[in-house]
Each structure stands twice: as structure tokens, then as C-alpha cells.
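Student: Let me give you the structure first, and then I'll get to my questions.
The values are calculated or read from the model by the stated rules, or taken from the named source; none is laboratory data. Just so you know, these numbers come straight off a predicted model, no measurement behind them. So basically every Cβ, Gly included, is an ideal-geometry build from the backbone, and we count neighbours across all protein chains shown. Just so you know, the surface numbers come from the protein's heavy atoms only, side chains and all, with ligands and any DNA or RNA stripped out. Shrake-Rupley method; radii C 1.70, N 1.55, O 1.52, S 1.80 Å.
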Amino acid sequence: MAKIRTGIVGCGHLGRHHARILTELADSAPAGFVEPDDATAAAIEAAHGPKGLARKRSVKELLEAGATAVVVASPTPTHADVAEELLAGGADVMVEKPITETLSQADRLVSLARERGLVLQVGHIERFNPAVAAVRPLVTEVKFIEAHRLGVFLPRAIDVDVVLDLLVHDLDIALDLVGRPVTEIRAVGVPILSEKIDIASVRLSFEGGCVANLTASRVSQDKTRKFRFFQPDWYFSIDTQNRDVTAFRLDRLSGPPRIVPWPLEVAPADPLTAEDASFLKACTDRTEPEVTGEAGRAALKLALDILEEMGRGR
């Protein structure tokens, strides 16, 4: 089977990892990359140029080089224009989270991809975390969620609020696990080290009764990635940073009801590699990606609704 001609737009902090992965995946044949910073571009080309990842000066030039599956890892404000140009040019696209800045931009990308029969995947990487993947088949009816996503301050991330920077990961997981609409939002957020929201505390109520308490901070001294949820007879604690799961269930069969640990095997995997491989598989098979444009749009809408709620509380 012919390899997919791949490309990347934006080779910053996350993009450079995508660049490496696209030269390593067996079904990827790199067509090139677009990166405006000369020093960064030189480093990428020095590392991966011999494998075909040569610098192109524009999206148009990347498409002319034959790229048909492109990762968009440029800054969020550029996502809409870059992804639209790629889709209009006939390329399948995986765009990093958040999908775009506005819902109207997201709607345009989703509509364009559907009209042209193209793959539009959104880079919500935690869907590909092996700890999350191990738990997903056991999800039945989630009743309560508690999540803490804490990180140290990074100046490169202050172009967006912590809601769109960090919390959006847990919003996507919650929407996927619960599978029902949000009916109520209570949220507070404050700026600490930047002009944007740096700490956020959110309480969500879902149709059907599930409640989620979510905390995100980028001013912590330690990095924490914990996602816990409860459903009838089950408790799961996921550490997405260490990629492990603790699970307990209520045993009703061997005597009086008792809580027992439930061993879960977490297959070793790199989430970003799994994400890119999944994207290429969707491109090859012409199937729905794991995280559709609609799912990315839903996570963006919830994040923006949360920011609006925070604004009313100021």
C-alpha cells in the first residue's frame, strides 16, 4: 500500500514532536513542513530533512509538494485560516486543540471537511493516553467526576486562558465519557501571573444527573494530572501523567457486598504517536477519526461557555 504524503504546519513546542513522529511512522512519507522561524526551521530540517521533511515557505507550497495529510500545530489564532486552506486544497487535516478560536471558525472547518469528504481530526491527545484507553471500554453510566490538572507556569502558553490551554483536555474527556449535554455551569477563574485566567474551578451538571468538579491551574509548583470518576459499582482513578489506572468495584457475588480492587492492564504507548497513527489510519481507511471536528467543536463551545460564566462572576 502506498504511503501517505504527510506534512506539518508549525514546529514549535509540540509541532517538533509531530515532525519527528511523521518521519518514524511506517505509513508516512513526509512531504515537508512550514515554520516561519528560521532557527526552528533549520533545526527541524537538520534533524529530519534527510527523511524527506524539507522546509516549505507556505501552505500552498506544501500542498504543491504533494502533502495530503497535514498536522496543524501552529498557534491557535492561525488554526482556522491554515486548516481551511489545507482542506480547500484537498488535504486531510489534524488540527491541534483547541480546534479554533471561535465557534463560527470551527463550524466552517467542520462543514468544509464534510462537503469534501475529508478527515478533520482534533488533537485532544488524552483520548490516546493508554490509561484513558484502558478504562474507556468499562464506562457505562458516569455519575460523578473529579479532575485536577495542575502545571507550572510557562510563558509560551499565556496566549490563551488556562481553560483553553489545560482544562479543555478534561472537558473533552468528560464530554466523551458522559455522552450527554451539559445543563449547568458554575465557574470561577482568576489571573495570577498573566492577564489571562491562570486558575479555574468549574462545576458542571449534565443531563441525566452526572456532576463534574474540574480544577485547572498553571501556577502550581508540581505537575498533576488526575481524573477520577464514579459509576454504579465502580470507581476509577486515572493518572494521565504516569499513565496508570486504579480501579475498584463492588463485588456482590462472593458473600456480603465488598469493595475489591480490579486489575486493569495499561498497554505502554506514547499518546502523541498513537494520535498521529490514528489520524493516518483514518486517512487511509477513509473513516471517522477518533476525535472528530464536531467533538473538537463541542469541547471549544464548553470552554467558551465556561469563560463566559467566569466573566459574569467578575
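Student: Take region 53-83 and flag every residue that is in contact with a strand residue (DSSP E or B) (Cβ under 9 Å, 6 or more places away or on another chain), farther than 14 Å from Ala29 by Cβ and in a loop (DSSP other than H, G, I, E, B).
Tutor: If the condition is that a residue be in contact with a strand residue (DSSP E or B) (Cβ under 9 Å, 6 or more places away or on another chain), farther than 14 Å from Ala29 by Cβ and in a loop (DSSP other than H, G, I, E, B), then Arg57, Ser58, Ala73, Ser74 are the ones that fit.
Student: I'm trying to understand the selection: among the residues of region 1-37, which are free of Cβ contacts under 8 Å to residues at least 60 places away in the same chain and open to solvent by 10 Å² or more (accessible area, probe 1.4 Å)?
Tutor: Ala2, Lys3, Arg16, Arg20, Thr23, Ala26, Ala29, Pro30, Val34, Glu35, Pro36, Asp37
Student: Being open to solvent by 70 Å² or more (accessible area, probe 1.4 Å) and either assigned to a strand (DSSP E or B) or out of contact with any helix residue (DSSP H, G or I) (no Cβ under 6 Å at 6 or more places or on another chain) (or both) is the filter here; which residues of region 232-243 pass it?
Tutor: Gln241, Asn242
Student: Ok, one more. Within region 215-237, is even one residue touching a Phe, Trp or Tyr at 6+ places or on another chain (Cβ under 7 Å), more than 21 Å from Ile99 (Cβ to Cβ) and among the aliphatic types (A, V, I, L, M)?
Tutor: So far as region 215-237 goes, yes, one or more of its residues are touching a Phe, Trp or Tyr at 6+ places or on another chain (Cβ under 7 Å), more than 21 Å from Ile99 (Cβ to Cβ) and among the aliphatic types (A, V, I, L, M).
Student: Would you mention how many residues in region 203-219 are buried (at least 23 other Cβ atoms within 10 Å of the Cβ) and among the charged types (D, E, K, R)?
Tutor: Summing the residues that are buried (at least 23 other Cβ atoms within 10 Å of the Cβ) and among the charged types (D, E, K, R) in region 203-219 gives 1.
Student: Another question about this same structure. Give Thr102, Thr140 a once-over and let me know the one that is under 17 Å from the mean Cα position of the chain (by Cα), among the β-branched types (Val, Ile, Thr) and surrounded by fewer than 18 Cβ atoms within 10 Å (Cβ to Cβ).
Tutor: It is Thr102.
Student: What number goes with the only condition from (1) farther than 27 Å from Thr287 by Cβ; (2) under 20 Å from the mean Cα position of the chain (by Cα) that Ala46 does not pass?
Tutor: Condition (2) is where Ala46 drops out.
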